[in-house]
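Right, one structure below, let's go through it.
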Amino acid sequence: MNDTLVTLVGHVATQIDYKETVNGPSARFRFAVTPRYFDRRKDAWTDGSTSFYTVWARRTLAVNLAGSVAVGEPLVVHGRLQVRADPPDGEGKGWFSAEIDATAIGHDLNRGTAAFRRVVKVDLPLMDTQKAAVV
C-alpha cells in the first residue's frame, strides 16, 4: 500500500462535527498549521502562511476526539494525507482540498498538560442462543 502518512502539529480551528453513521461513529474538524521560523533579518520569530486541513476520525477515535478536544487546542495529528483537486472551469476557478484520515490524535504537550483517562469497555453478555430460540 502506498499511502502518504503525515504528522502535523497545529491547532483545532473549528468545533468537532461528530455523527453516528451506519458505518459507525465519525468526526471531523478543520486543523490549522502555521510554520514558525527565525527571521535573521528581523532577528525575531515569524509566522509563515497558515495551511488548513480537514481531519477525519472514525470509530473509537471519533468518540474519544469528540469528548476530549475543543477549538483552539494544540494537537498532533497523524494519518493518511489525501489531496483532491477540481480543475479550473471556464472562468479559471478551481479548488483543491487536503484531508487527513487520522490514525492517531493527541494534545501537544509542548504547549500544556493533559490527564489521560482510559476508556473502559463493557462487554455485554451474549444471550444464550438456545434460550433465545425457546422464548
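The values are calculated or read from the model by the stated rules, or taken from the named source; none is laboratory data. Predicted, not measured: the structure shown is a model, and the values here were computed from it. Glycine also receives a Cβ, built like all others from the backbone with ideal geometry; neighbour counts cover every protein chain displayed. Ligands, DNA and RNA are stripped out before the accessible areas are found, and what is left, the full protein with its side chains, is counted by its heavy atoms. Shrake-Rupley method; radii C 1.70, N 1.55, O 1.52, S 1.80 Å.
GNM on the chain, alpha-carbon springs under 10 angstrom: the most fluctuating residue among Arg117, Arg30, Arg84 is Arg117.
For Thr103, the residues 5 or more places off, or on other chains, whose built amide H falls under 5 Å of its own are His78, Gly79, Arg80.
In order along the stretch 18-26, phi translates into HN-Hα couplings of 9, 9, 8, 10, 5, 8, x, x, 9 Hz, rounded to whole numbers, per the Karplus curve 6.51 cos²θ - 1.76 cosθ + 1.60 with θ = phi - 60° and x for Gly and Pro. Listed values for the stretch 78-94 are Karplus-derived 3J(HN,Hα) couplings in whole Hz (6.51 cos²θ - 1.76 cosθ + 1.60, θ = phi - 60°), namely 10, x, 8, 8, 9, 10, 10, 9, 10, x, x, 8, x, 8, x, 9, x, and x replaces Gly and Pro. Just need the relative contact order of the stretch 28-76 here, percent rounded to a whole number, with Cα pairs under 8 Å and 6+ apart. For the stretch 28-76, the relative contact order is 34 percent.
The fraction of accessible area contributed by carbon and sulfur in the chain is 53 percent, rounded to a whole number (1.4 Å probe; ligands and nucleic acids excluded). In this structure, the amide hydrogen of Leu75, modeled 1.01 Å from its nitrogen in the peptide plane, lies closer than 5 angstrom to those of Gly10, His11, Val12, Asp108, counting only residues at least 5 positions away or on a different chain. Normalised by the number of residues in the chain, the mean separation of alpha-carbon contacts (under 8 Å, six or more apart) gives a relative contact order of 24 percent. Each residue of the stretch 106-117 is assigned a 3J(HN,Hα), and the resulting list reads x, 5, 7, 6, 6, 10, x, 10, 9, 10, 7, 10 Hz, derived from the Karplus form 6.51 cos²θ - 1.76 cosθ + 1.60 (θ = phi - 60°), x at Gly and Pro. So I have (1) 33, 17, 11; (2) 50, 22, 10; (3) 38, 23, 12, and one of them is semi-axes √(5λ) of the Cα gyration tensor in Å calculated from this model. Which one is it? Only one option fits the structure, namely (3). Could you tally the net charge around Thr103, taking each other residue with its Cβ under 14 Å from the Cβ of Thr103, Lys/Arg +1 and Asp/Glu -1? Taking every other residue near Thr103 into account, the sum is 0.
Summing Cβ point charges (Lys, Arg +1; Asp, Glu -1) relative to the Cα centre of the chain gives a dipole of roughly 360 debye. Site pair Thr46 and Asp101 shows an inter-label distance of 3.8 nm when each label is modelled 7 Å from Cα along Cα→Cβ.
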